[in-house]
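Working notes, structure below.
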Amino acid sequence: MALLDDEAIAVTFSSPMRDVSQDTTGDVDIWPYVAAVCDADLRGHEIYDQFVEHVYRDAKNRYDHVLVMTKTKNVYLAILVEFAKSRIHGHYLLDLNEKYGIRLARNAHTD
């Protein structure tokens with residue numbers, strides 16, 4: 001279980017990132033990995049069922065960022081998959097509310 005830091009995440013991006021959600025076949029079963037992510041890495045957020053909202057692939061076709069929905073709007077557990085090797089590289093919490101200063105009246109997807 002590798003919680004990735006900002007530097008490790010940054011090297012997995014190359015522009016333009018493409019939304020390949022409709023094109024992916026799900027060659028890697030991420031769910032055992034998601035289930036094993038420790039609570040501390042989720043920082044109080046909970047996974048929303050087994051739902052992937054988006055998959056973004058870098059322009060060099062190296063990495064997929066698989067965005068697993070949490071019960072908090074705009075917060076995702078991002079699973080980083082090495083595309084060519086079909087293996088999980090690590091994970092990070094993507095909190096768009098924090099990153100972009102979004103204030104929500106209600107936070108849950110389940111509202």
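The values are calculated or read from the model by the stated rules, or taken from the named source; none is laboratory data. Quick caveat, the model's predicted, so the values are computed rather than measured. Cβ: placed from backbone, ideal geometry, glycine included. Neighbour counts: every protein chain shown. We work out accessible area using only protein heavy atoms, side chains counted, and drop any ligands, DNA or RNA first. Shrake-Rupley method; radii C 1.70, N 1.55, O 1.52, S 1.80 Å.
Looking at region 1-48, which of its residues are part of a strand (DSSP E or B) and open to solvent by 60 Å² or more (accessible area, probe 1.4 Å)?
LEU3, ARG18, ASP19, TYR48
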Do we find that GLN50 is under 13 Å from VAL66 (Cα atoms) and over 13 Å from the mean Cα position of the chain (by Cα) in this structure? no
Selection count, region 49-82, where residues are touching a strand residue (DSSP E or B) at 6+ places or on another chain (Cβ under 9 Å) and not in a strand (DSSP E or B): 6
Is there any pair with a first residue in region 78-97 that is closer than 19 Å to SER21 by Cβ and a second that is open to solvent by less than 10 Å² (accessible area, probe 1.4 Å) and small (Gly, Ala, Ser) whose Cβ atoms are under 6 Å apart and which are 6 or more apart or on different chains, and what are they? LEU80/GLY90; TYR92/ALA78; LEU94/ALA78
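Residue check: is ALA59 under 14 Å from the mean Cα position of the chain (by Cα) and exposed (fewer than 12 other Cβ atoms within 10 Å of the Cβ)? Quick ask: steps written out before the conclusion?
Values: under 14 Å from the mean Cα position of the chain (by Cα): no; exposed (fewer than 12 other Cβ atoms within 10 Å of the Cβ): yes.
Taking the combined requirement at face value, the residue does not satisfy it.
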Within the set of pairs 6 or more residues apart or between chains, which connect a residue that is at negative phi and free of Cβ contacts under 8 Å to residues at least 24 places away in the same chain inside region 27-50 to a residue that is of a type outside the set (Lys, Arg) and assigned to a helix (DSSP H, G or I) with Cβ atoms less than 9 Å apart? GLN50/TRP31; GLN50/VAL34
With out of contact with any His (no Cβ under 6 Å at 6 or more places or on another chain), over 19 Å from MET1 (Cα atoms) and either modelled with pLDDT of 90 or more or in a helix (DSSP H, G or I) (or both) as the only criterion, which of LYS99, LYS85 stands out? LYS99
Among the residues of region 62-77, which ones are free of Cβ contacts under 8 Å to residues at least 40 places away in the same chain and either surrounded by fewer than 17 Cβ atoms within 10 Å (Cβ to Cβ) or farther than 15 Å from ILE9 by Cα (or both)? VAL68, THR70, LYS71, THR72, LYS73, ASN74, VAL75
